[in-house]
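Values quoted throughout were computed directly from the atomic coordinates according to the rules given, and no laboratory measurement underlies them. None of these values were measured; they are calculated from a predicted model. Cβ: placed from backbone, ideal geometry, glycine included. Neighbour counts: every protein chain shown.
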Amino acid sequence: MEIRFFDVAIERFILKLEKPTIAKVLRIIDLLERFGPSLGMPQSKSIGRLLFELRIHGSQEVRLIYAFHERGAVILHGFVKKSRKLPEEDLQIALKRKKALDNI
């Protein structure tokens, strides 16, 4: 399965993380590429509205929100998680980008 980034800002976000966290992010993205929609907990979780989150645990709790599009997955947004609940602002960013993706 092909994995794409919505824009270069997501790549920049990943590269600014701590080195061990970057390695974990790349490993989880590789798992998504290999297993696609069958990737489940603890690496991936549905958050509703046809959106999913890649869950990266470690000294930095990172979430990458993605959606399936055409024959692949598009990573729409990434953030460092600081609370138990998904921040509404981050969800809205992902929803806006998914809508833009669906309109292409």
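Of all residues in the stretch 34-59, those being over 14 Å from Val80 (Cα atoms) and free of Cβ contacts under 8 Å to residues at least 40 places away in the same chain number 15. Any residue at all in the stretch 67-76 that is in a loop (DSSP other than H, G, I, E, B) and basic (Lys, Arg)? Yes: the stretch 67-76 contains one or more residues that are in a loop (DSSP other than H, G, I, E, B) and basic (Lys, Arg). If only residues of the stretch 18-65 that are polar (S, T, N, Q) and more than 12 Å from the chain's Cα centre (by Cα) are counted, the one that is surrounded by the most Cβ atoms within 10 Å (Cβ to Cβ) is Thr21.
Of the residues making up the stretch 8-24, those that are touching a residue at least 40 places away in the same chain (Cβ under 8 Å) and within 19 Å of Ala94 (Cα to Cα) number 3.
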